[in-house]
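Take a look at the structure set out below.
The values are calculated or read from the model by the stated rules, or taken from the named source; none is laboratory data. These figures come from a predicted structure and were not determined experimentally. When we count neighbours, we look across all protein chains shown, and the Cβ atoms used for this are built from the backbone with ideal geometry, even at glycine. Just so you know, the surface numbers come from the protein's heavy atoms only, side chains and all, with ligands and any DNA or RNA stripped out. Shrake-Rupley method; radii C 1.70, N 1.55, O 1.52, S 1.80 Å.
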Amino acid sequence: MSDMGSASGGDVVLVLVEQHDGTPRGSALELLTAARALGTVHAVWLGAVSDAAAARLGEFGAVVVHAVPVPTPEASLPPAVAAVLAGLIDETGASTVLVASTFENKELAARLALATGAGLVVDVSAVQRGPDGRVVTTQQAFAASWTLRGEVTVARAVVALKPNAVHADPVATPVLPLVITRDAAALSDGAAADARVRVVERTARPESSRPDLGEAQVVVVGGRGVEGDFSPVEDLADALGGAVGATRVATDEGWISHETQVGQTGVTISPRLYIGAGVSGAVHHRGGMQASEVIVAVNNDVDAPIFEFADFGVVGDLFTVLPQAAAEIRRLKAQG
Amino acid sequence: MRIVVCVKHVPDLQAERSFTAGGRVDRSQGDGTLSELDEHAVEAALVLTETLGGEVTVVTVGPADAEDAVRRGLQMGAQHAVHVIDDAIAGSDVFGTALVLAAAIRRLGAEGGVDLVITGMAALDGLMSVLPSLLAAHLDLPQATLAAELTVADGVVRVRRDLDHVTEVLEAPLPAVVSVTDQANEPRYPNFKGIMAARKTPVTAWSLADLGIDPAAVGDAGARTRVLEATPRPVREDRVLITDDGEAGLRLVAYLAENRLLG
């Protein structure tokens with residue numbers, strides 16, 4: 001295995017792919033796309049991989065899929081996955097590991113970097129190789145008010161890439177990747193999952209019919225101004241095919257579930273289009289959304305801070321502006 | 001039980017935050033504060049010791065004014081405070097910080113035992129959320145991070161946490177490393193008694209030498225990444241602000257169409 005990377009021309013890049021019901025998530029395809037610019041792409045799939053899923057990974061540039069069984073819930077906890085990836089680095093000689101920037105993945109990325117002496121960069125919006133082959137990354141900091149470009153100064157890099165930062169592009173001539181089923185225990189040097197930690201309960205939350213909040217291209221967010229009624233927000237999101245988000249106030253009031261909270265302590269989003277309705281734009285919220293490409297705000301308070309950084313602001317009543325916009329979008333879409 | 005809470009001094013969120021020319025967080029403004037999310041960690045520790053008995057030690061790593069962060073922990077009700085301070089620490093990345101904190105926790109463990117290490121869910125400057133994991137790795141302790149609910153009974157810590165797509169309940173035997181989210185509790189405000197008591201409590205200062213850490217392992221020398229360039233975001237040009245005249249919804253859609261945002 002260790003010469004497979006060089007045989008296919010270049011460094012091996014391991015990509016931990018997120019999945020849902022046996023299908024790669026959108027973020028996985030973005031990661032594969034970004035990885036192609038860094039080297040030969042090997043996907044890492046937790047569990048058994050179907051032919052269809054493997055083919056899909058191949059369409060986005062994976063030439064090898066390492067399928068790692070996860071026999072117990074404990075086997076997918078971050079320390080266990082980090083040990084598996086460390087084993088795969090040994091096997092493949094990979095120089096770079098890419099993961100999607102979620103809380104769990106950042107944890108495993110940190111442990112992996114610690115164990116392998118790699119440099120770690122998380123919440124990355126762009127990754128490439130510099131002229132000398134070093135991994136160069138771009139990040140947003142301080143509620144996206146700053147952009148940082150940095151480089152990993154050691155030979156190995158672990159990078160956590162934010163969803164939506166890279167446009168997923170299939171390769172021109174996909175190959176069917178070679179699927180290798182791995183033994184997690186052997187990979188992690190016999191150090192199986194941390195036997196001390198027990199998963200007492202794990203419940204998948206039902207996923208809404210709308211796009212995933214963290215990955216959506218369009219997000220409509222309701223804040224204090226919706227006063228408990230999210231229906232105009234949901235309706236506009238549906239007209240745009242987008243996801244619904246909320247501010248901390250709206251989730252604390254119990255108007256909508258906590259998982260929809262966008263902000264520094266909730267979901268961080270960077271969609272192409274963000275629409276905030278009745279959102280004031282407090283700093284905690286900004287930290288989770290200011291990297292959005294285009295920011296639209298509808299608020300009846302002309303002094304709301306969100307107007308200071310919105311690209312398009314409407315001072316008005318969201319209960320009339322949103323339905324009018326949703327109806328107009330549907331009219332335009334019906335016209336084709 | 002003996003609980004160690006790791007806290008961080010960060011630039012005030014409401015203030016203008018920036019980077020130095022060298023790409024470090026500018027900490028020269030003097031308007032730093034205890035990272036708000038760390039108050040949830042202190043609160044969780046206080047609640048546990050109030051019900052189960054024991055003591056709370058707050059620990060921080062950083063330059064002189066980082067002492068404010070542990071002072072705040074003392075004011076809230078922690079009994080002891082440790083400040084690891086050493087010029088060689090400046091410029092440390094999260095790995096350097098974790099190495100130093102782990103050594104401090106090990107020393108506290110040797111001096112009287114540590115049953116639980118608690119951190120906040122993220123530092124409000126870097127927002128990396130990886131420190132607790134690194135501490136667990138260094139200390140070889142089980143980790144149960146991002147607790148929205150945290151309980152301890154019979155030597156076992158139990159954590160409920162909401163991840164992107166699943167809700168989990170984890171259990172680990174003590175000693176362990178946990179982090180708590182801002183959902184876990186409402187941090188208390190220091191009362192008069194707490195503020196007075198904090199004034200009398202000495203903050204223990206440790207250097208790298210006190211912890212047996214090679215200065216070359218931390219600071220700029222130990223970092224495996226380097227900032228090439230830090231640039232403030234340009235002010236967005238062409239911003240539009242309209243007042244609804246009855247047709248704002250239509251104008252909004254026209255704007256989206258012009259910018260090819262209708263899919």
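Worth pointing out:
- Estimated vicinal HN-Hα couplings, Hz - the range B:109-123 in sequence order (Karplus 6.51, -1.76, 1.60; Gly, Pro = x): x, 5, 7, x, x, 10, 9, 8, 10, 10, 10, x, 7, 5, 8
- Fraction of beta bridges assigned by DSSP in the range A:141-287 that are antiparallel (%, nearest 5): 10 percent
- If R0 is taken as 45 Å, the Cβ-Cβ distance between B:R226 and A:V302 corresponds to a FRET efficiency of 0.55.
- Residues in the range B:80-99 reached by a label modelled at B:E50 [backbone nitrogen below 18 Å; 7 Å Cα→Cβ]: B:80
- For the range A:271-300, accessible area lost to neighbouring protein chains reaches 50 Å² or more, against the chain alone with a 1.4 Å probe, at A:R272, A:V283, A:H284.
- Remark: accessible area buried at the B-A interface is about 7300 Å², both chains counted, probe radius 1.4 Å.
- Probing with 1.4 Å while keeping every protein chain in the model, the per residue accessible area of chain B equals 44 Å².
- Kirkwood hydrodynamic radius of the protein assembly as shown, Cα pairs, Å: 25.0 Å
- Amide H to amide H, with H built 1.01 Å from N, A:H20 comes under 5 Å of A:R25, counting only residues 5 or more places away or on other chains.
- Distance between the range B:167-230 and the range A:172-248 - C-alpha centres, whole angstrom: 30 Å
- Percent carbon-and-sulfur accessible area, the range A:218-334, ignoring ligands, DNA and RNA, probe 1.4 Å: 46 percent
- Using the Cβ-Cβ distance between A:D238 and B:H165 with R0 set to 22 Å, the FRET efficiency works out to roughly 0.55.
- Accessible area (Å², per residue) of the range A:6-194, counting only protein heavy atoms and a probe of 1.4 Å: 35 Å²
- Each residue of the range B:197-204 is assigned a 3J(HN,Hα), and the resulting list reads 4, 5, 4, 8, 7, x, 9, 6 Hz, derived from the Karplus form 6.51 cos²θ - 1.76 cosθ + 1.60 (θ = phi - 60°), x at Gly and Pro.
- DSSP bridge orientation in the protein assembly as shown - percent antiparallel, rounded to nearest 5: 35 percent
- Applying the criteria of a DSSP loop state and at most 15 other Cβ atoms within 10 Å to the GluC sites (Glu not before Pro) of the range A:209-278 yields A:E227, A:E253.
- Estimated D of the range B:146-200 in µm² per second, where Rh is the Kirkwood radius over Cα pairs and Stokes-Einstein applies at 37 °C, 0.692 mPa s: 248 µm²/s
- Highest GNM mean-square fluctuation among A:P69, A:P305, A:P232, for chain A modelled with Cα contacts below 10 Å: A:P305.
- Sequence-ordered 3J(HN,Hα) estimates for the range A:110-120 from the Karplus curve with 6.51, -1.76 and 1.60 and θ = phi - 60° stand at 5, 5, 5, 5, 4, 6, 10, x, 7, x, 10 Hz, glycine and proline given as x.
- Cut-off 13 Å between beta-carbons: net charge of the residues surrounding B:G109, Lys and Arg +1, Asp and Glu -1: 0
- Of the solvent-accessible surface of the range A:1-137, computed with a 1.4 Å probe and all protein chains present, 51% belongs to carbon and sulfur.
- The antiparallel fraction among DSSP beta bridges confined to the range B:119-226 stands at about 70%.
- Placing unit charges on each Cβ (+1 for Lys and Arg, -1 for Asp and Glu) gives the range A:218-334 a dipole about its Cα centre, and among A:V249, A:G223, A:L322 the Cα reaching farthest toward its positive end belongs to A:L322.
- The charge dipole of the protein assembly as shown, taken about its Cα centre with unit charges on the Cβ atoms of Lys, Arg (+1), Asp and Glu (-1) only, comes to about 700 debye.
- Heavy-atom accessible surface of the range B:64-133: percent carbon and sulfur, 1.4 Å: 51 percent
- Computed over every Cα-Cα pair of chain A and binned at 10 Å starting from 0, the pair-distance distribution P(r) comes out as 6, 24, 30, 23, 13, 4, 0 percent.
- Choice from A:E18, A:E308, A:E201 with maximal GNM fluctuation in chain A (Cα, 10 Å cutoff): A:E201
- In the protein assembly as shown, helices alone account for a calculated mean residue ellipticity at 222 nm of -9000 deg cm²/dmol, with every DSSP H run of four or more residues adding -39,500 (n - 2.57).
- Fraction of alpha-carbon pairs over 23 Å apart in the range A:218-334 - percent: 18 percent
- Residues of type lysines that A:K333 reaches as a straight line, Cα spacing below 25 Å, ignoring anything fewer than 8 places off in the same chain: none
- Lysines with Cα under 29 Å of B:K193, excluding same-chain neighbours fewer than 8 positions away: B:K8
- Each label was represented as a point 7 Å from its Cα along the Cα-to-Cβ direction; for A:H258 and A:E293 these points are 3.3 nm apart.
- Listed residues B:T167, B:T145, B:T97, most fluctuating in chain B (Gaussian network, C-alpha, under 10 Å): B:T167
- Surface per residue (accessible, 1.4 Å probe) for the range A:218-334, Å²: 33 Å²
- For the range B:105-232, a/c is less than 1.5, where a ≥ b ≥ c are the root eigenvalues of the C-alpha gyration tensor. That puts it in the rounded class.
- Residues of the range A:124-157 that bury at least 30 Å² of accessible area when the other protein chains are present, relative to the chain alone (probe 1.4 Å, heavy atoms, ligands and nucleic acids excluded): A:F142, A:S145, A:W146, A:T147, A:L148, A:R149, A:E151, A:T153.
- Mean separation of Cα pairs under 8 Å and 6 or more residues apart, divided by the residue count, gives the range A:218-258 a relative contact order of 48 percent.
- For A:T40, the residues whose modelled amide H falls within less than 5 Å of its own, excluding neighbours fewer than 5 places apart on the same chain, are A:D11, A:V12, A:V13.
- Taking a ≥ b ≥ c as the square roots of the eigenvalues of the alpha carbon gyration tensor, the range A:6-194 is rounded, as a/c is under 1.5.
- Förster radius 30 Å - calculated FRET efficiency between A:D90 and A:V175, Cβ distance, rounded to 0.05: 0.75
- Sorting the segments B:224-231, B:86-93, B:248-255 by their residues' average number of neighbouring beta-carbon atoms within 10 angstrom, most packed first, yields B:248-255, B:86-93, B:224-231.
- Among the residues of B:165-174, the average count of other protein chain beta-carbon atoms within 10 Å of the residue beta-carbon is 6.
- Taking amide hydrogens as placed 1.01 Å from N in the peptide plane, the amide H of A:D123 sits under 5 Å from those of A:A160, each at least 5 positions away in sequence or on another chain.
- Spin-label model, A:A186 to A:D229: label points 7 Å out along the Cα-to-beta-carbon direction sit 6.3 nm apart.
- Minimum 10 Å² accessible area buried by the other protein chains, the range B:198-238 residues, probe 1.4 Å, relative to alone: B:R224, B:T225, B:R226, B:V227, B:L228, B:E229, B:A230, B:T231, B:P232, B:R233, B:R236
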